[in-house]
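The values are calculated or read from the model by the stated rules, or taken from the named source; none is laboratory data. This one's a predicted model, so the numbers in the text were calculated from it and none came from an experiment. When we count neighbours, we look across all protein chains shown, and the Cβ atoms used for this are built from the backbone with ideal geometry, even at glycine. Each accessible area value is taken on the protein alone, full model and side chains, heavy atoms only, with ligands, DNA and RNA left out. Shrake-Rupley method; radii C 1.70, N 1.55, O 1.52, S 1.80 Å.
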There are 2 protein chains.
Amino acid sequence: MITKRVPSETIGRLFRYFRSLSCLLRKGEEIVSSKTLAEVCHIKPATVRKDLSYFGEFGTRGVGYDAASLINKIKKIIKLDKKINVALVGIGNIGRALLKHSTFELEGFKIVMAFDNSPSKIGDTVGNVMIEDAANIRERIESSGIHLVILAVPDYATSKVANVLQLAGAKSILSFSPCGLSMPADIQVTCIDLSVEMARLVYNSCVDYREKV
Amino acid sequence: MITKRVPSETIGRLFRYFRSLSCLLRKGEEIVSSKTLAEVCHIKPATVRKDLSYFGEFGTRGVGYDAASLINKIKKIIKLDKKINVALVGIGNIGRALLKHSTFELEGFKIVMAFDNSPSKIGDTVGNVMIEDAANIRERIESSGIHLVILAVPDYATSKVANVLQLAGAKSILSFSPCGLSMPADIQVTCIDLSVEMARLVYNSCVDYREKV
DNA sequence: CCTACTTTGTGATTGTGTTCACATTCACAT
DNA sequence: ATGTGAATGTGAACACAATCACAAAGTAGG
C-alpha cells in the first residue's frame, strides 16, 4: 500500500468514527452514509469521505458504508483490533482517577500496570491494579512489552521519569505535565495541559464571538 | 488596536510563554530573548516573535524582551490579569481529581463552585469547595457571574447539563466527555478526549517514525 | 559618529489540513 | 436495457499556521 501522508487529525477522527459507528450499529443502522456519520460527529461529510479515502475505498457509491465492516476496517487501520495495554506512572489525584476510569477498557485500552514512588501507596490496589514501586519501572515495562505509558507525576519529576521510560522501550507517552519533554523523534509525546485549554477558552470567549457576528 | 486574525494555537503558546517567563524571572533572568524563550518551550524563535507581534512590539531590538513587563503584557492579552473563577460539574473520579489539583490556582484559575446530583456527595467538601446540588446549577452560576465551567459528568448526562449551562449564561465549557455538544457559536467548547489521544499515539508510534528515517 | 554585532519585527514562502464540486459508480424501477 | 437518483471518491482550490530570511533598530566599543 502506498501510504500518502495522512493528516494527524484524521487519525483522531477515525477513532471517533469508530465510536459513533458502534453506537449507530447498536441502534440498528447497518448502512451509514458519510452524511449521517458527519452529523453525529459534528463535522462535514466531505471530511469523513476524505479521511476514509486515505486508506482505501470502503463504501458503495449510491449507498453508503456498511457499518459493521467499516468498523473492522477502522480498527485495523488504527491498530485497535487488539486491546492496547497501558502503564500508568504517578498515582496522585489524576492517576487515581484514570485507574478508576472504566471507559478506557470499553474503548480498547487497558491500564495493566501502575507505579508510584510513595511507600504509602505501593502495594495498594486501585481499580484492580496493584501499585508497584517506581524503582522497578524500567525492568517491568521492558519485560512486559508495553509501548504506551500515561505520565501523571508532579512537574518536577516528569523529565526524569520520561528518561526512564525511554530506556524501558516505551514508544508513546501521554503526559499531564506542561510539556518540558525533549524526547528522541521515535518516541511520541502528547501533553494534556488543562491550564492552556482554559486560557484559550477564556480568550476566545472574549474575542472570537465578536468576529463571527 | 487593529487586531489581525490571531491563530488559535498562538493563544495557547502565549500561556506557555507566561509560565516559562515566570520561571525564568524567578531564576533571575530579567531580559529574555526569543531564542531563550523558544528553547525553554521547545519551539522556534521565529514562532515566539510572530506570536508576540500579533499584539504589539514588546521587545527591544538587539536586546530582547524585559521578562517582567512581557509577563504583564501577556497577562493582559489573555485576560489572566485577574484570577478566573471556574465552576465544576460532576464529582466523579476526574472531577474529584480536579478539585484537589492545586496547580490551577497557581496558574490563575480557581474552582469556586462544584456540583453533583448524587445525594451521597452533596454537602461534602473536597479541596475547600463544598459540593452543591446539581439542581441549583442554573441559579448559582447565573448569579455568580462565572463564565467558565468544567464538565466532568458521565457521557449520557453531558448534553443535558450543557443545555443548563447555556441557560445559566456560561460562555466556555471544558468537557471530558467525547464531544457530542452542539452549542451555539457564542459558547466555546473544548473537549479533552483521552481515548482519542491514545489512539493517535498508538497509530503514530507504528507509522510516523518510519517516514522520518 | 562610525562600525560591528545582536536581536526584533514582518512580508513572503512553504507546508498542512479542510472544503468544494463534480465525475464516477451503484441500486433500482420501468 | 436504460434512465434516474443517491452517495462515494478525489483533484483542485482555499484557508490557516509555521517558518524563513532580511530590513530595521537597537547596543557597545573605539
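Ignoring ligands, DNA and RNA, what percent of the accessible area of the stretch B:84-195 is carbon or sulfur (1.4 Å)?
Its accessible area is 48 percent carbon and sulfur atoms.
With every protein chain kept in the model, how would you rank A:Asp193, B:Asp133, A:Asp81 by accessible area, 1.4 Å probe, largest at the top?
Output order, biggest surface exposure first: A:Asp81, B:Asp133, A:Asp193.
Before I look further, what does the stretch A:84-195 give for accessible area per residue, probe 1.4 Å, in whole square angstrom?
Ligands and nucleic acids excluded, the figure is 44 Å² per residue.
Once Lys and Arg get +1 and Asp and Glu get -1 on their Cβ, which of A:Pro178, B:Ser143, B:Ala46 lies farthest toward the positive end of the dipole of the protein assembly as shown?
B:Ala46
For Cα pairs less than 8 Å apart in space and 6+ apart in sequence, what is the mean separation divided by the residue count of the stretch B:1-60, i.e. the relative contact order in percent?
Answer for the stretch B:1-60 is 35 percent.
Out of the total accessible area of the stretch A:8-77 (probe 1.4 Å, heavy atoms of protein only), what percent is carbon and sulfur?
Roughly 51 percent of what the probe reaches on the stretch A:8-77 is carbon or sulfur.
Taking the Cα atoms of the stretch B:8-76, what is the range of coordinates along each of the three principal axes, in descending order and whole Å?
Largest to smallest, the principal-axis extents are 31, 24, 23 Å.
Can you give the calculated 222 nm mean residue ellipticity of chain B, where each DSSP H run of n ≥ 4 adds -39,500 (n - 2.57) and the sum is split over every residue, rounded to the nearest 500 deg cm²/dmol?
Per the formula, -14000 deg cm²/dmol.
What percentages make up the Cα-Cα pair-distance distribution of the stretch B:84-195 when the bins are 10 Å wide from 0?
15, 52, 31, 2
Among the residues of chain B, which one places its Cβ closest to the rotation axis that maps chain B onto chain A, and what is that distance in whole Å?
Nearest to the symmetry axis by Cβ: B:Ala97, 2.
Can you tell me, using C-alpha contacts under 8 Å and at least 6 residues apart, the relative contact order of chain B as a whole percent?
13
In the neighborhood of B:Glu142, defined by Cβ-to-Cβ distances under 14 Å, what is the net charge if each Lys or Arg adds +1 and each Asp or Glu adds -1?
+1
From the square roots a ≥ b ≥ c of the eigenvalues of the alpha-carbon gyration tensor of the protein assembly as shown, which class results: rounded (a/c under 1.5), prolate (a/b over b/c), or oblate?
Rounded.
Do any GluC sites (Glu not before Pro) in the stretch B:119-169 lie in a DSSP loop with no more than 15 other beta carbon atoms within 10 Å, and if so, which?
none
Give the B-A buried accessible area in Å², both sides summed, 1.4 Å probe, nearest 100.
Rounded to the nearest hundred, the buried surface is 5400 Å².
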